[in-house]
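Below is one structure; the comments refer to it alone.
The numbers here are math on the coordinates, done by the rules we state, and not lab data. The model shown is predicted, which means the values in this text are computed figures rather than measured ones. Here the Cβ positions follow ideal geometry from the backbone for every residue, glycine too, while neighbour counts run over all protein chains shown.
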């Protein structure tokens, strides 16, 4: 099980403001205000229209809105994985699919897929609203306001949580970093024509031309 001590730390000490708006805003809460799934969802409901994630330390991250290019790329990837999963089984989630992780962080990749086998790992006594286990496959699409380095750190976290395959897609530099379980370094691809689901999502082929276009 991943714990806060064993998960690579994402450096949130210096929020970066950019032309588009901001990379993120970190809201630190008092230590005695224990952030539970219930209280987190309540905060989300009070602030409709804002996107939030939660850190393992119980702080909130306000996520910036997606740029047109990032949103379009995310939609294409999500549609491709969704079509595949109708035959391959499992569950596909979009950027609102929050995952409640073992160290109490609550995060949402831009696209994710949860296998039937991993779905069975869900605790029988879990009655929450979030995804209670790390997806097998996660995709992060770089927004115009994101730094590549911070997105790469986030992908390292997803792999530490138990993802088997991950893609970091940067439509601005036309690059993809492919993360695989058990490998220390990702594979960097420059403007690939297509991406494969490999042995995690067998038979999945995503045409990347629409994203680069």
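Within segment 36-58, can you find the residues that are over 10 Å from residue 105 (Cβ atoms) and in contact with a strand residue (DSSP E or B) (Cβ under 8 Å, 6 or more places away or on another chain)? Across segment 36-58, the qualifying residues are 37, 40, 43, 44, 50, 51, 52. A search for C-beta distances below 8 Å between a residue of segment 31-57 that is under 24 Å from residue 157 (Cα atoms) and any residue that is assigned to a helix (DSSP H, G or I), counting only pairs 6+ apart in sequence or on different chains, returns 50/44; 52/40; 52/43; 52/44; 54/40.
Under the condition of being surrounded by fewer than 22 Cβ atoms within 10 Å (Cβ to Cβ) and within 18 Å of residue 50 (Cβ to Cβ), the residues counted in segment 90-109 number 5. Only residues that are on the phi > 0 side of the Ramachandran plot and crowded, with 20+ Cβ neighbours inside 10 Å were counted in segment 64-89, giving 0. Quickly run through segment 130-176 and pick out the residues that are in a helix (DSSP H, G or I) and under 12 Å from the mean Cα position of the chain (by Cα). Result: 151, 152, 153, 154, 155, 156, 157, 158, 159, 161. Screening 198, 184, 188 for residues that are assigned to a strand (DSSP E or B) and out of contact with any helix residue (DSSP H, G or I) (no Cβ under 7 Å at 6 or more places or on another chain) leaves exactly one candidate, 188. Kindly evaluate residue 208 against the criterion of being within 30 Å of residue 41 (Cβ to Cβ) and crowded, with 21+ Cβ neighbours inside 10 Å. Here the answer is no, as residue 208 does not meet what is asked.
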